[in-house]
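The values are calculated or read from the model by the stated rules, or taken from the named source; none is laboratory data. Keep in mind the model is a prediction, meaning the values are calculated, not measured. Note: ideal-geometry Cβ built from the backbone for every residue, glycine included; neighbour counts use all protein chains shown. Surface areas here come from the heavy atoms of the whole protein model, side chains and all, with no ligands, DNA or RNA. Shrake-Rupley method; radii C 1.70, N 1.55, O 1.52, S 1.80 Å.
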Amino acid sequence: MKFSGRSALNLSFILGFFVLCCAFQSTLWYQLVGKVPSPMLWVLVPLYILITRETFSALMIVYFLSFVASRFSAVPLGSLLPTMALLCGAVLTFRSRIFWRGSSYFFLVGSSGLILFHALFFLNSLIFEANSTGFLLIDRLTQVILSLGFIYPIFVVMKWIDRTFQYQEGFGTGDLI
Amino acid sequence: MFNFLNLNFRQFVLLIVAIALPLLSINVEQKKNEQNWINKPFDLLVESVQFAFFSFSHGVRSTTAEYLNLLNIKKDNADLKIKNSEMSIRLAQLNEIKGENERLRKLLDFKEDSPMKLVAAKIMGGDLLEDHRTVTINKGTAHGLRAGQGVITLDGVLGYVFRPQMWTAKVMLLEDRYSVVDAVIQRTRAHGIVEGRGAGGCTLKYVERSEDVRVGDIVVTGGLDQIFPKGFPIAVVESVERKTYSVSLKVDLRPVVDPNKVEEVFVIFNSEGTDMTEKFFPQEAKAQSL
């Protein structure tokens with residue numbers, strides 16, 4: 001992986017945007033909407049990374065972002081990282097077989113990735129934790145449905161960041177819109 | 001005789017009438033208080049015409065005024081609507097301030113009356129994942145917070161600080177599945193441990209099977225963990241299940257504090273030796289002292 005000043009800036013902006021997404025979800029949404037489950041913006045950013053970067057750099061960035069996300073939650077890193085690793089594996093496998101450039105591809109990966117994240121997190125907790133998490137069907141479903149509305153805006157912002165910093169390396173970059 | 005004026009008879013009569021009429025009118029004017037019969041039809045005519053014109057002009061004026069009024073009313077209505085919405089907003093703001101004032105007054109009274117050292121904080125946000133029940137408060141290590149400090153409201157226990165940061169701190173709520181708090185059933189003094197169940201409230205574990213636990217019993221802090229003062233309300237018993245092959249009861253609880261309705265909280269800095277039983281359950285405290 002070639003690491004230049006441009007890609008460092010790119011990563012910084014992605015990190016900044018990711019933190020904004022997490023803060024929106026955990027603070028702004030909580031203050032404005034309250035009890036209603038928030039859209040999972042923070043999962044969409046790693047999913048974008050997974051479909052636009054080389055495998056190794058995508059994994060490293062996603063792990064780093066997962067670490068940052070864990071600071072916004074009580075979730076232990078030991079529970080979140082394995083879930084994200086499985087999610088990465090699934091998305092990268094899918095990407096290696098089916099891929100096309102465009103926002104519709106991100107919509108497909110985003111929506112299915114959100115459902116997959118919930119399923120993997122639940123299974124992970126069920127298998128490895130003594131006091132496992134609940135099924136929380138309504139909450140999880142609400143989150144996925146609400147998140148669908150944010151997939152395209154997230155894609156546009158991420159694409160803008162990549163274009164602004166002329167991000168060249170990786171898989172699937174170019175005229176995605 | 002009439003010919004020096006070169007008038008014929010008809011003209012002469014007209015001249016006489018022309019001269020006589022002013023004279024007659026002088027005579028009529030001299031009796032101002034009397035209504036002359038000759039004036040009556042003319043007066044009537046004048047009156048009628050005047051009335052007709054007056055009515056017409058009045059009508060026109062009224063219609064115009066009404067139209068102008070309508071325009072004014074429309075403008076006034078718009079102004080009043082704006083004023084009304086402004087007043088509604090101000091009223092809502094005042095009500096909000098009033099509510100906040102009352103809450104803060106209660107918090108202040110509670111803080112002043114309490115023997116514990118407390119620090120007030122506001123809730124900023126929730127957890128990133130729906131699987132966990134935590135909140136973020138606006139006080140952190142810079143304010144002296146450290147992990148393991150109890151977080152309470154006026155009504156009862158909310159949770160405890162589990163990750164203090166510089167300016168904020170994460171509070172684990174009672175409902176979180178990682179949360180554990182030492183507790184006793186207020187009525188029977190039966191000991192147990194309150195554990196979170198995620199979104200579905202919490203459970204009282206390790207209560208001996210022989211203990212008398214009823215629905216509606218209040219569960220309070222035991223005080224052994226030194227996090228919370230003794231006798232502070234935690235939850236209400238929702239259901240009790242006696243399993244055949246279990247040595248302990250399965251007690252489901254509903255926390256007394258709804259985290260979604262809490263805005264201000266207290267972080268307990270020092271709860272050692274504090275017993276809140278007398279404040280929340282004065283009769284029971286009296287009975288215990290006897």
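If you stretched the chain out fully between residue B:97 and residue B:112, how much longer would it get, using 0.36 nm times the residue separation minus the C-alpha to C-alpha distance? Mind dumping the intermediate values first?
Working: separation 15, 0.36 × 15 = 5.40 nm, distance 2.16 nm.
This chain segment gains 3.2 nm when fully extended.
Apply the a/c threshold of 1.5 to the C-alpha gyration tensor of region A:40-157 and tell me whether it is rounded, prolate or oblate.
Numbers: a/c = 1.72, a/b = 1.36, b/c = 1.26.
Cα axes put region A:40-157 in the prolate bin.
Residues of region B:197-240 losing 20 Å² or more of accessible area relative to the isolated chain, 1.4 Å probe, heavy atoms only?
B:199
Going down the table (B:230/B:261; B:106/B:261; B:117/B:279), which pairs top 21 Å between alpha carbons?
Details: B:230/B:261 24 Å; B:106/B:261 16 Å; B:117/B:279 16 Å.
Flagged as over cut-off: B:230/B:261.
Not counting ligands, DNA or RNA, and with a 1.4 Å probe, what is residue B:187's accessible surface area in Å² rounded to the nearest 10?
100 Å²
Using the Kirkwood radius built from alpha carbon pairs, what does the Stokes-Einstein equation give as D for region A:110-151 at 10 °C and 1.306 mPa s, in µm² per second? Present the calculation step by step, with values, prior to reporting the outcome.
On the way: Rh = 10.8 Å.
It diffuses with D of about 146 µm²/s by this estimate.
Quote the relative contact order of chain B in percent (integer), defining contacts as alpha-carbon pairs under 8 Å separated by 6+ residues. All intermediate terms of the calculation are to be shown ahead of the outcome.
Values: 470 pairs, mean separation 39.8, N = 290.
After rounding, I find 14 percent.
Determine, from the Cβ-Cβ distance of residue A:36 and residue B:224 and an R0 of 35 Å, the FRET efficiency 1/(1 + (r/R0)^6), rounded to the nearest 0.05. Before the final figure, lay out each step's value.
Working: r = 38 Å, r/R0 = 1.07.
So the FRET efficiency works out to roughly 0.40.
Pop out the ³J(HN,Hα) list for region B:239-248 in order, Karplus 6.51 cos²θ - 1.76 cosθ + 1.60 with θ = phi - 60°, rounded to Hz; leave Gly and Pro as x.
Each residue of region B:239-248 in turn: 7, 10, 10, 9, 7, 4, 9, 10, 7, 10 Hz.
Distance cut-off 25 Å, Cα to Cα: go down the list A:35/B:122; B:98/B:170; A:35/B:250 and report the pairs above it. Spell out each step's value before the answer.
On the way: A:35/B:122 17 Å; B:98/B:170 29 Å; A:35/B:250 28 Å.
Pairs exceeding 25 Å: B:98/B:170; A:35/B:250.
Between helix A:77-97 and chain A, what is the angle of the helix's C-alpha long axis to the longest principal axis, kept within 0 to 90° and rounded to the nearest 10?
50 degrees
Given the DSSP H assignment, sum -39500 (n - 2.57) over each helix run of at least 4 residues in chain B and divide by its residue total; what's the result at 222 nm in deg cm²/dmol, nearest 500?
It lands at -13500 deg cm²/dmol.
Once you put a point 7 Å from the Cα of residue B:90 and another 7 Å from the Cα of residue B:254, both along the Cβ direction, what distance in nm separates them?
Between residue B:90 and residue B:254, the label points sit 4.2 nm apart.
As I understand it, the value is the acute angle between the Cα axis of helix A:103-128 and the longest principal axis of the Cα atoms of chain A; what does it come to in degrees, rounded to 10?
Helix A:103-128 sits at roughly 40 degrees to that axis.
How far, in degrees from 0 to 90, does helix A:5-23 lean away from the longest principal axis of the Cα atoms of chain A, to the nearest 10?
Computed tilt is about 20 degrees.
Which lysines does residue B:83 reach when only Cα atoms under 18 Å apart count, and residues fewer than 8 places away in its own chain are ignored?
Reachable lysines: B:74, B:75.
Report, to the nearest whole %, how much of the accessible area of the protein assembly as shown belongs to carbon and sulfur atoms, 1.4 Å probe, protein only. Before the final figure, lay out each step's value.
On the way: 16490 of 26510 Å².
Whole-percent figure for carbon plus sulfur exposure: 62.
How much accessible surface does residue B:62 have with a 1.4 Å probe, in Å² rounded to 10?
The accessible area of residue B:62 comes to roughly 40 Å².
Each label point is 7 Å from the Cα along the Cα-to-Cβ direction; what then is the distance between the points at residue B:68 and residue A:77, in nm?
Simple spin-label model gives 8.0 nm for this pair.
Take the alpha-carbon positions of the protein assembly as shown, form their convex hull, and give its projected area averaged over all directions (one quarter of the hull surface) in nm².
Numbers: hull surface 214.1 nm².
Over all viewing directions, the protein assembly as shown projects a mean Cα-hull area of 53.5 nm².
Residue B:214 accessible area, nearest 10 Å², 1.4 Å probe?
Residue B:214 exposes around 130 Å² with every protein chain in place.
Per residue, how many Å² of accessible area does the protein assembly as shown show with a 1.4 Å probe? Provide the component values of the computation, followed by the final result.
Details: 26510 Å² over 467 residues.
Here the residues of the protein assembly as shown average 57 Å² of exposed surface.
Once a ≥ b ≥ c are taken as the square roots of the eigenvalues of the Cα gyration tensor of region A:1-105, is the result rounded (a/c under 1.5), prolate (a/b larger than b/c) or oblate (a/b not larger than b/c)?
Working: a/c = 1.63, a/b = 1.48, b/c = 1.10.
Prolate shape, in that a/c is at least 1.5 and a/b is the bigger ratio.
What does the C-alpha gyration tensor say about the overall shape of region B:162-290? Classify as rounded when a/c is under 1.5, otherwise prolate if a/b is larger than b/c, or oblate.
Details: a/c = 1.91, a/b = 1.21, b/c = 1.58.
Oblate, because a/c is 1.5 or more while a/b does not exceed b/c.
Under a crude label model (7 Å from the Cα following the beta-carbon direction), how far is residue B:211 from residue B:82 in nanometres?
6.5 nm
Between chains A and B, what is the buried accessible area summed over both chains (1.4 Å probe, protein heavy atoms, nearest 100 Å²)?
Numbers: alone 9240 and 19490 Å², together 26510 Å².
In total, chains A and B hide about 2200 Å² from solvent.
Considering chain B as a Gaussian network with a 10 Å cut-off on Cα pairs, which listed residue, B:232, B:280, B:266, attains the greatest mean-square fluctuation?
Most flexible of the set in this elastic network: B:280.
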